[in-house]
Amino acid sequence: MKKTLFISAAAILLLVFLASALYYKTEKSELAGQLAEQNRSGLVREHSPALGPTEARVRIVEFLDPACETCRRFYPFVKDMLKAHPDQIHLALRYTPFHENSDHVVALLLAAAKQGKHWETLEALLAAQDDWVVHHVVQKERVWRHIEGLGLNLAQLKDDMNSPEIAKLVAQDLEDARTLNVTKTPEFFVNAKPLPSFGYEPLTNLVDAALASAYP
Amino acid sequence: MNHTQDSQDPGWIFLFFGWLAASVATLGALFLGEVMGYTPCVLCWYQRICMFPLVLILAAGLFPADRRVVRYALPLALAGWLLAMFHWAVASGLIPENVTPCSQGVPCSVEQILWFGFLTLPMLSVLAFSFIIAMLLMTHYKVSK
């Protein structure tokens with residue numbers, strides 16, 4: 001009697017938990033999809049750094065924080081997907097500096113983009129992330145030594161970083177992230193569809209599905 | 001369990017309700033943290049440390065019914081209750097945030113949840129710990145009567 005009571009209570013609690021978790025996730029990803037659909041213009045902006053041919057029909061938008069460790073780990077994974085489908089996939093980056101002082105690094109990256117060196121700067125910084133992010137806080141003075149060998153015009157870079165023009169772009173990305181309810185990084189949209197759940201596999205599945213429907 | 005044993009543990013049902021409350025609170029906290037993605041603040045973590053083990057400790061005390069489990073569960077429940085009261089005080093502004101241990105990451109003074117216009121998470125935590133303490137005390141006194 002007692003055991004039955006105990007076991008059924010435990011089972012009901014677990015079932016309710018799992019069912020509501022499933023319901024919540026489905027609901028949330030549906031909402032995120034609708035949100036992205038309604039705000040397609042906010043998904044990519046003209047200033048967004050991009051890779052891949054403009055006519056590619058599978059379009060990935062990644063919201064990224066250069067100081068975020070998971071973003072660093074996803075980066076080669078995404079790069080490999082682009083490499084595997086060089087003509088079919090287009091990647092655009094949006095910056096969401098959620099870590100403390102990370103906006104400084106985002107400004108640096110967007111300023112490097114003006115010199116045509118966005119991607120090498122990003123890769124150099126991601127590779128050295130352990131050094132300039134300490135306990136989730138960006139150490140501004142440690143950033144510079146990792147971008148020295150890239151041939152950037154540093155004086156120009158510093159000027160651009162502090163320009164209101166760059167500040168506007170950083171603010172624009174953050175505003176779009178708010179509109180699209182992006183609160184964690186990395187966040188991916190594939191042809192305006194958000195990840196149904198987070199992970200390498202959901203991303204692969206979403207991209208594969210988009211590839212299959214765009215290039216039958 | 002047979003009938004003679006049932007009548008020998010009059011406190012069992014209170015223990016069971018205590019366990020039920022701890023389980024609901026634990027799953028609720030996990031839902032908010034893992035499913036809805038709210039990052040727990042420091043004080044929430046300390047309360048979780050007190051709440052989560054109660055699920056296992058109280059379950060262990062149910063089979064076979066062992067009223068001595070109150071001895072082991074009550075300190076956790078009391079500590080959790082004190083933390084919850086403190087958190088409630090911080091969240092309702094009775095204690096200023098800057099004297100609290102939670103300055104990093106998610107501030108404890110910000111209410112992330114407001115249900116029915118008045119029910120906040122620290123309040124729910126106070127209620128859960130109070131209920132568990134009440135159940136534990138009732139187990140103790142019912143059994144020793």
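Structure notes:
- A:ALA10 paired with B:ALA60, simple spin-label distance in nm, labels 7 Å along Cα-to-beta-carbon: 1.4 nm
- Calculated translational diffusion coefficient of the protein assembly as shown (37 °C, 0.692 mPa s; Stokes-Einstein with Kirkwood radius over alpha-carbon pairs) equals 137 µm²/s.
- In plain terms, the residue of B:THR139, A:THR54, B:THR39 with the fewest other Cβ atoms within 10 Å comes first and the most crowded comes last, giving A:THR54, B:THR39, B:THR139.
- The mean sequence separation of alpha-carbon pairs under 8 Å and at least six residues apart, normalised by the residue count of segment A:41-214, gives a relative contact order of 31 percent.
- Hull shadow area, averaged, segment A:1-120 [alpha-carbon convex hull, nm²]: 11.4 nm²
- Compactness of segment A:41-214 - radius of gyration and Dmax, Cα, Å: 15.6, 47
- Listed from fewest to most Cβ neighbours within 10 Å, the set A:LYS2, A:LYS168 follows the order A:LYS168, A:LYS2.
- Tensor-based shape of segment A:44-87 (alpha-carbon gyration tensor, a/c under 1.5 rounded, otherwise prolate or oblate): oblate
- Lysine pair number, Cα distance threshold 25 Å (strictly under), segment A:70-176, separation 8 or more or different chains: 13
- Count Lys and Arg as plus one, Asp and Glu as minus one, and take only other residues whose Cβ is under 14 Å from that of A:ASP130; the net charge is then +2.
- Two-site FRET efficiency, B:MET36 against B:TYR141, from Cβ-Cβ distance with R₀ of 30 Å, rounded to 0.05: 0.20
- The slack in the chain from A:ALA124 to A:GLU100, taken as 0.36 nm per residue of separation less the alpha-carbon distance, amounts to 6.7 nm.
- 13 Å cut-off, amide nitrogen to a point 7 angstrom out along A:LYS168 Cα→Cβ, residues in segment A:42-64: A:46-47
- Ignoring lysines fewer than eight residues from A:LYS28 along the same chain, the ones with Cα atoms less than 19 angstrom from its Cα are A:LYS184, A:LYS193.
- A full extension of the chain between A:LYS158 and A:ALA19 corresponds to an added length of 44.8 nm, given 0.36 nm per residue minus the alpha carbon distance.
- Qualifying aspartates and glutamates (Cα of each under 12 Å from Cα of A:LYS2; at least 8 residues distant if same chain): B:ASP6, B:ASP9
- Theoretical FRET efficiency, 1/(1+(r/R0)^6), r = Cβ-Cβ of B:SER130 and A:VAL134, R0 35 Å, to 0.05: 0.25
- Test item: Cα-centred dipole of chain A, Lys/Arg +1 and Asp/Glu -1 on Cβ, debye: 640 debye
- Of the residues B:THR120, A:THR96, A:THR121, the one with the fewest other Cβ atoms within 10 Å heads the list, and the complete ranking is B:THR120, A:THR121, A:THR96.
- The calculated 222 nm mean residue ellipticity attributable to helices in the protein assembly as shown amounts to -20000 deg cm²/dmol, summing -39500 (n - 2.57) over DSSP H runs of n ≥ 4 and dividing by all residues.
Each value in this text was obtained by applying a stated rule to the coordinates, not by laboratory testing. The shown structure was predicted, so the numbers you read here are calculated from the model rather than taken from an experiment. All Cβ positions, glycine included, derive from the backbone under ideal geometry; neighbour counts span all protein chains shown.
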